[in-house]
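Beneath this line is the structure, given in structure tokens, with notes to follow.
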Amino acid sequence: MLSLYRKIFSTKKTVIDTKDFPTPENVHRIGNRIHAHVKKLFHGSLAIREVDAGSTNACEQELTALTNPYYDIERFGIHFVASPRHADMLMVTGPVTRNMKTALVKTYEATPDPKIVVAVGDDAIDGGIFKGSYAVCDGVKNVIPVDLEIPGDPPSPITILTHLLAYLDTRAKTQ
């Protein structure tokens, strides 16, 4: 117990630099651009089904942060749904474990066409620190086709929004 107290009192205090935090104006600006694409491409709302394929829950926390009052993606026409049958987009987190492979494929098949698959985080992109393990199939693209990869370990909510906006920009140009 004494060693724990020594560690607590000897650890230097970390000063958080708030200049790296997204400002509400930036979130609102990015969100409004996303909302314009969502209205055009998805007729008003984008329904997302999140699939945890074996992650450490770090990416899920960042996706959950998108629904808090600071980011509030619901105001931009984006919401998370419980059923893949109601989803336009699958956001997959974590490396695909062998036990989740079948469930991920069934979820993909249950999502109506045209569907968008997003690999969120380094683990979902290529397996991350779990790459090459006997227990995982590495990245999502080894199991189902992926349309967008959002790097980070985990990616911040503003990073997720920015990559989503870039994808919707390119998709809007092709239609």
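The values are calculated or read from the model by the stated rules, or taken from the named source; none is laboratory data. Bear in mind that the values here come from a model prediction, so they are computed numbers and not experimental data. Here Cβ is always computed from backbone atoms with ideal geometry, including for glycine, and neighbour counts include all displayed protein chains.
Please pick out the residue among 141, 101, 115 that is within 20 Å of residue 57 (Cα to Cα), among the charged types (D, E, K, R) and touching an Asp or Glu at 6+ places or on another chain (Cβ under 9 Å).
Just one listed residue meets the conditions, 141.
Of everything in the stretch 145-175 that's assigned to a loop (DSSP other than H, G, I, E, B) and charged (D, E, K, R), which residue is nearest to the chain's Cα centre (by Cα)?
Going through the qualifying residues, I end up with 153.
Among residues belonging to the stretch 145-163 that are over 16 Å from residue 64 (Cβ atoms) and in contact with a helix residue (DSSP H, G or I) (Cβ under 8 Å, 6 or more places away or on another chain), point out the one that is surrounded by the fewest Cβ atoms within 10 Å (Cβ to Cβ).
Among residues in the stretch 145-163 that are over 16 Å from residue 64 (Cβ atoms) and in contact with a helix residue (DSSP H, G or I) (Cβ under 8 Å, 6 or more places away or on another chain), the one surrounded by the fewest Cβ atoms within 10 Å (Cβ to Cβ) is 153.
So which residues in the stretch 81-107 are touching a residue at least 40 places away in the same chain (Cβ under 8 Å), farther than 12 Å from residue 55 by Cα and not in a helix (DSSP H, G or I), if there are any at all?
Correct list: 87, 88, 89, 90, 91, 99.
Applying the selection to the stretch 108-144, what residues are part of a loop (DSSP other than H, G, I, E, B), surrounded by fewer than 15 Cβ atoms within 10 Å (Cβ to Cβ) and either charged (D, E, K, R) or within 16 Å of the chain's Cα centre (by Cα) (or both)?
113, 131 - these are the residues of the stretch 108-144 that are part of a loop (DSSP other than H, G, I, E, B), surrounded by fewer than 15 Cβ atoms within 10 Å (Cβ to Cβ) and either charged (D, E, K, R) or within 16 Å of the chain's Cα centre (by Cα) (or both).
Among the residues of the stretch 153-175, which ones are modelled with pLDDT under 90 and either of a type in the set (S, T, N, Q) or on the phi > 0 side of the Ramachandran plot (or both)?
Within the stretch 153-175, 170, 174, 175 qualify.
So for the stretch 38-58 (the condition being in contact with a Gly (Cβ under 9 Å, 6 or more places away or on another chain), β-branched (Val, Ile, Thr), closer than 17 Å to residue 169 by Cα and not in a loop (DSSP other than H, G, I, E, B)), does at least one residue qualify?
The answer is yes; a qualifying residue exists.
Mind checking which pairs have a first residue in the stretch 162-174 that is farther than 20 Å from residue 28 by Cβ and a second that is assigned to a helix (DSSP H, G or I) and of a type in the set (A, V, I, L, M), Cβ under 6 Å, 6 or more apart or different chains?
Short answer, once both residue conditions are applied: none.
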